[in-house]
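Everything below concerns the one structure shown next.
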Amino acid sequence: MPEISSPEAAGSRSDGAAGLFPGFRSSAATLLNWLISRVPEAGPRRHVLAVGAVIMVIQLVRIIQRGVGDFKLHWTIGGYLIRGEFLYGNAGWYRGYGGTDFPYPPIWGIVHAPLALFPRAVAQTLLYPLYLIAFVVLLEVLNRLSLPHLPVDRKRKFWLTTAAVVLASRFLIRDLPECGVNLALVAMAWGAVLLWRARRDRLGAVVLGTATALKCTPALFIAWFLWKRQWRIASWSAAVALAMSVAPALVLGPTEFTRTTAFWMHNLYRGASQTDPLESTLGPVSVQNMSLKGALARYLMHVPEGHRSRLAGPLHIDFLELDAETARLTINLLFLVAGVGVLALYRFRAGRNEESMLWEAAGISLMILLLSPITWGQHCVGVLPALFLLVRAHDSGRPLERWMYAFVGVWAFVLLGLNRGFVGREFTLLLDSYRLQTWLIAGLLGVTLRCRALCLRPEWASASPHIEHSDVTPKIVPLSRPAAEHS
């Protein structure tokens, strides 16, 4: 493979890592390059993989002993299906009189029904390898998508991927007890993007439509394709999602399927039509819910004593005390303005192979987390694509702005340094009550939107990375594409 190396390339990469301080002009990127080029290749890699294996084993032991995570809810709804009971018979978990995962559609019970044939611990253990499969698939998909624009040699690829994984590790570890179902949904959505880029629209639509049927949030990718005038994959994905959503009727029968679907849709409508922003589909918004709507309500409204969004004690501070209706209108207005801004930024039609599409897709993954009314820590594995692209952009010498490096430093300090293992559960809940994680995800969205704008500039693509041995020959596809590209 060709070797791309020059003093100018190294210099451009150093300039891109200007860092947090004015005097830190080039040392950060230079130090990173120096370390990666000199560490023994096999030993440190084995150590990193060993740490990952230990984490997975520890979580597996916790699963077997204590049944942590929401898998029990998924397993329960599958059991209802096997026993012929109403899938949402115990709906209202957060209201204190049951325990069914009713925000998920009926097909969720179909998928988990085979696992309900086994005891909970056995079923969760059997599903556990899904996490590793989804993790490897997602990283491979991200690498293939980014390689033509952000090429990297094999040695650096491992360490840059490790850096992105470490930055997202808080959320990745949280999805382990869920056996990687959220990671799998992210991998499916991005796999559809890869298939679309390869002009395999039908297969991509099957993958994206399946993800959307399993959980509604990937539908934002369908809306994105529609906005980009990619009619085929958008329409076919919607058709697949609809077909799979009605597929449970073959198992439940028309009458029971109608009853189950009506109950599910009623609960979704009830949550979406709440006039109090501190209420969601599952009842009162808790401090662990990272939804942007709940975060804004936390700062706009007075949170009463005993509410799930308020941490007991003197460290709770109310900022504004708007009534529920005024807060709701304010939040809706903010969403409208932000939505119009994003639509305007994404309005340009782009070719399948353009780098801007990757940054846009990363933004979609983050918007799913922010706009969803229920966003737990395990859902936030959707931050990995944006962090992956950001790390690769830095290594490829792209002219990232100084505030982006400062933001990554704050991200690492809050999510890695101030986690429960170091500061304790109570302090972690205090930080959660101020929605720091939500604001960090919103900040990461800002970074991806800015990178999307920067990648359209000539100086962005002119930076030449140093590649000792690339997996494939780097190829930058011209911005101009034939008209058939957008059909």
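Values computed for the structure shown
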| item | result |
| --- | --- |
| Backbone HN-Hα couplings from phi across the stretch 408-422 [Karplus 6.51/-1.76/1.60, Hz, Gly and Pro as x] | 4, x, 5, 4, 5, 5, 6, 7, 9, x, 9, 8, 4, x, 9 |
| Neighbourhood charge, 14 Å Cβ-Cβ cut-off, centred on ILE368 and excluding it, Lys, Arg +1 and Asp, Glu -1 | +1 |
| Under-5 Å amide H pairs with SER280, H placed in peptide plane, nonlocal only | VAL285 |
| Distance between modelled label sites at LEU456 and HIS266, nm, 7 Å Cα→Cβ extension | 4.7 |
| Sequence of TYR80, TYR269 once ranked by neighbouring C-beta atoms within 10 Å, starting from the fewest | TYR269, TYR80 |
| Distant alpha-carbon pairs in the stretch 184-337 (separation over 24 angstrom), percent | 52 |
| Per-residue HN-Hα couplings for the stretch 444-458 [Karplus 6.51, -1.76, 1.60; θ = phi - 60°; Hz; x = Gly/Pro] | 5, 4, x, 5, 5, 5, 5, 5, 4, 6, 5, 5, 7, 7, x |
| Residue order, fewest to most beta carbons within 10 Å, for THR448, THR212, THR326 | THR326, THR448, THR212 |
| Residue-wise HN-Hα coupling along the stretch 225-230, computed from phi with Karplus coefficients 6.51, -1.76, 1.60 (Hz; x: Gly, Pro) | 4, 5, 5, 7, 6, 8 |
| Net +/- balance of residues flanking LYS293 in space, Cβ distance below 13 Å, scoring K and R +1, D and E -1 | +1 |
| Three-way shape call for the stretch 305-370 based on the alpha-carbon gyration tensor, with the a/c threshold at 1.5 | prolate |
| Calculated FRET value between ARG200 and LEU242, using beta carbons and R₀ = 25 Å, to 0.05 | 0.75 |
| Ranked list, fewest to most other Cβ atoms within 10 Å of each Cβ, for TYR128, TYR299 | TYR299, TYR128 |
| Cut-off under 5 Å, modelled amide H: who pairs with ASP153 long-range | GLU468, HIS469 |
| Amide H partners (placed H, <5 Å) of MET301, local residues excluded | LEU320, LEU322 |
| Relative intensity, log₁₀ I(q)/I(0), of the stretch 291-330 from a Debye sum that treats every alpha carbon as a point, q = 0.16, 0.36 Å⁻¹ | -0.37, -1.31 |
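Throughout, read-outs are computed from the coordinates displayed, never taken from laboratory work. Because the structure is a prediction, the values reported are computed rather than measured. Don't worry about glycine lacking a Cβ; one is built from the backbone with ideal geometry, like all the others, and counts go over all protein chains shown.
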